[in-house]
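A short reminder: the numbers here are calculations on the coordinates, not readings from a lab. In this text, all values refer to a predicted model and were calculated from it rather than measured experimentally. Cβ: placed from backbone, ideal geometry, glycine included. Neighbour counts: every protein chain shown.
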Amino acid sequence: LVRGWWWLWTCCPGLGNARMADLRRLCRDQAIGPDQLWGWPIERLGQALAWPAHCLRDVERYRFEHGAAPKLDVPACALLPGDPDWPRCLDDLHSPPSGLYVEGDRSLLRHIHARTAIAVVGTRSASDHGLAMAEELGRGLAEAGWPVLSGLAEGIDAAAHRGCLARNGAPIAVLGTPLDRVYPAHHRSLQQQVGRQGLLISPSRSGCRVRPGHFAARNRWLVAFAQALVVVECPQRSGALISARWASRMQCPVWVVPGDARRWSCRGSNALLRDGATALIHPEDLLASIGEGPLRSEESRGKHQRLMEAIGSGATFDQLVLRLQCSPAELAPQLLALECRRELLCESGLHWRKPRP
């Protein structure tokens, strides 16, 4: 019920992220809920919040339209502060989003919460080299088990996500538009693929007007979700540079792909290298530094659990191949690794069992 009241306040015209944060602070300070706040006289709200008169008029009109007992139907795609899946990393930001709207695999939200994803960003007008590097990074990160974060914009963002999709990875797109808008329009198919295979996240509810500030805020929140940021290529005025500045403030490592010093679209990213960012010559350099991703670790744990269950009180190699429906070439190195760690014993006749306590 409380969640529904917060959703109702979120939809009020004129109440952006900062004013919604004001309301949440007021509720905490007064030890009241958003439902009680709904019934406050407008004069009392004005005294407590010091909002401009036009904003208070919008609130009064909105409350009158919905009445004292409004409908509290929250869309299934909405994610609000206090929800179990809400990324707590956003709460440490100045003016966090008042809500998120998601489509796709919600299990990926745990990687947003834990900041176990890698952001790849850059210019919309990228060189062939930049596009090739972004796509190669997307493929490499996906193969290593890392969710790939980007903004689904033209150029570098799209190339990174295409690379991730090509390796059946987990792309996460943080949009500057509502979920029901596609920008640029020719990315409709790409956005649908990311929504099916990965996760789409927007801070704007459906039907909202798109403003330039939405894209700037998107660049900041994208960094808040990331373990590391890779700038592939960007000019001197670029949203990727905004992301890099935020990354430095949030102590998020910044990697940069060196570009052609004579090309305008590389001047911003090359300047980051001059200022101390880590150079990324090959995707393998990044992967060697960050190691195995969380998705690969989860896959390994799942395989381990299935193998141990299949062994039970003991099983031969051939029995395990049948029980696990896998190839001998896939099974043999798993068994050898477990034997080296003394989690399994191999007896005569290739009979495997767990060590006795």
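Tabulated data for the structure shown
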item	result
Computed [θ] at 222 nm, helices only, for the chain once each DSSP H run of length n ≥ 4 contributes -39500 (n - 2.57)	-14500 deg cm²/dmol
Unit charges on C-beta of K, R, D, E only; dipole of the range 1-157, Debye	620
Cα gyration tensor, the range 4-158 - rounded (a/c under 1.5), prolate or oblate	prolate
Gain upon complete extension [Ser348, His113; 0.36 nm per residue less C-alpha separation]	79.8 nm
Local electrostatic count, Asp128, Cβ distance below 13 Å [Lys/Arg +1, Asp/Glu -1]	-3
Nearest-0.05 FRET efficiency for Arg196 and Met250, computed from C-beta distance (R0 30 Å)	0.50
Dipole in debye (nearest 20) - the range 100-145, about Cα centre, beta carbon charges: Lys, Arg +1; Asp, Glu -1	260
Residues Arg356 and Asp285, FRET efficiency given R0 of 35 Å [Cβ-Cβ distance, rounded to 0.05]	0.15
Simple Cβ-charge dipole of the chain, Lys/Arg +1 and Asp/Glu -1, about Cα centre, in debye nearest 20	620
Packing rank of 140-147, 73-80, where each peptide gets the mean count of other beta carbons within 10 Å, highest leading	140-147, 73-80
Other-chain or far-sequence residues with amide H under 5 Å of Thr316's (modelled H)	Trp352
Difference of contour (0.36 nm per residue) and Cα-Cα distance, Asp318 to Arg88	78.1 nm
